[in-house]
Amino acid sequence: MIWHRMVLCFFLMFSTAAWSSVFIRWTQPDPPPARDLGISDLVVSVDRGTTSFVKAAHSQGYRVYAEVTLQQAATAAESAEEKGLAGLVLDVSDSDRAAGESAFQQLRSAHPKVRFLVLSQGKQPQMRGNLVIKRDSVLEVSSPTAQPWIDANLALIRVEQRSHPGQIPLYSFSWNESNPAQQQAITPTDYSLAVAESCSFQADLILELEEGMQRALSAQDPQAKLFWKEVRSYIDFCAHAGEQELKPAANVAVVVDDLDTSDEVMNLFARHNIPFKVFLPSDLREENFEAFDVVVVFAKRHQTAYKRIA
């Protein structure tokens, strides 16, 4: 629990939240009123996003988005406005991402009243002290390290921000995916940590809410209300923090040839609480690097451009 609090403090210390929203992935028939959750956006499967469900969700104060595959996108877009959907969320693998973004660009032109979002797959933010390694179909847990690290989505978000300037990254993750051998109950601190991370790094998050908690909140269970009250405080904080219109804290510039979310250097910086911003070599000709204390270059030499930071 102490580690969780430490990570929360780290995220909130850098919280800027100029633009970030939290969506809830909903799987149950009846959501509670939006005012109870402090969240106005639900993401449902394309099968659940029926006209009747969307109408009922609207009456509770929600906007509803349907999550679709690349193959489902065109058909879902045709009926989205008629069903009352606020938009579609495209869940696509990294290998199909370029094709998905191209397809969504065409759909945006054809359906201007429907919002189209592309989802990235992140990981559960948490403090880590060991690794879980799979050897010959057997999960092995390494010995605890003397220097725990933060497992965060900073590298993913920074790469997405550079890949699509002007767009807010959208990501989600599955709970306990990094340590399936030790499935643990999800606590209010876990949910709060996920919310704090997304708003700190200026990204949108689709938060996966356990089905048991969904049912309890819909039933107005008193214990569930107390549970969510802790999470709600972080949701409200992030919503108001955005009014300050601050910029993300970063004193390290990382220049790379390829925008790769699995880049080990960027993930290493994130693990050690080093805030950074990602650039391509072409940015060296235009960007002002005076605000950065350190410029780390992992790219092929571009002589003319590098003279600016030499």
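Could you tell me whether GLN220 is assigned by TED's automatic domain parsing to the domain that holds SER93, touching a helix residue (DSSP H, G or I) at 6+ places or on another chain (Cβ under 9 Å), surrounded by fewer than 19 Cβ atoms within 10 Å (Cβ to Cβ) and not in a helix (DSSP H, G or I)?
So GLN220 fits the description; yes.
Inspect all residues belonging to region 288-297 and state whether any of them is surrounded by 18 or more Cβ atoms within 10 Å (Cβ to Cβ), assigned to a loop (DSSP other than H, G, I, E, B) and either modelled with pLDDT under 85 or at negative phi (or both).
yes
Which ones in region 67-90 are assigned to a loop (DSSP other than H, G, I, E, B) and in contact with a Lys or Arg (Cβ under 9 Å, 6 or more places away or on another chain)?
Within region 67-90, GLY84, LEU85, ALA86 qualify.
Give the residue, chosen from SER59, SER52, SER45, that is assigned by TED's automatic domain parsing to the domain that holds GLU210, among the hydroxyl-bearing types (Ser, Thr, Tyr) and within 24 Å of ALA99 (Cβ to Cβ).
SER45
Matching residues to (1) closer than 25 Å to TRP228 by Cβ; (2) among the aliphatic types (A, V, I, L, M); (3) within 24 Å of the chain's Cα centre (by Cα):
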site	(1), (2), (3)
VAL44	yes, yes, yes
ARG48	yes, no, yes
VAL64	yes, yes, yes
SER95	no, no, yes
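Looking at (1) in a loop (DSSP other than H, G, I, E, B); (2) at pLDDT below 90; (3) of a type outside the set (D, E, K, R), which one does CYS238 not meet, given that it meets all the others?
In the conditions (1) in a loop (DSSP other than H, G, I, E, B); (2) at pLDDT below 90; (3) of a type outside the set (D, E, K, R), CYS238 misses (1) alone.
Looking at LEU226, LEU268, which one is under 26 Å from ASP94 (Cα atoms), assigned to a helix (DSSP H, G or I) and without any contact (Cβ under 8 Å) to a residue 12 or more places away in the chain?
Just one listed residue meets the conditions, LEU268.
Can you find even one residue in region 45-65 that is without any contact (Cβ under 8 Å) to a residue 40 or more places away in the chain and among the acidic types (Asp, Glu)?
Yes, region 45-65 contains at least one residue that is without any contact (Cβ under 8 Å) to a residue 40 or more places away in the chain and among the acidic types (Asp, Glu).
Which of the residues belonging to region 91-104 are under 22 Å from GLY49 (Cβ atoms) and part of a helix (DSSP H, G or I)?
ASP96, GLY100, GLU101, ALA103, PHE104, listed by residue number.
Which one is surrounded by the most Cβ atoms within 10 Å (Cβ to Cβ) among residues in region 32-66 that are in a loop (DSSP other than H, G, I, E, B) and of a type in the set (A, V, I, L, M, F, W, C)?
ILE39
Just the residues that are of a type in the set (A, V, I, L, M, F, W, C) and either within 17 Å of VAL54 (Cα to Cα) or buried (at least 19 other Cβ atoms within 10 Å of the Cβ) (or both), please, taken from region 18-31.
Listed by number, the residues that qualify are VAL22, PHE23, ILE24, TRP26.
The values are calculated or read from the model by the stated rules, or taken from the named source; none is laboratory data. Everything quoted here is computed from the prediction, not taken from an experiment. We place every Cβ from the backbone using ideal geometry, glycine too, and count neighbours over all the protein chains shown.
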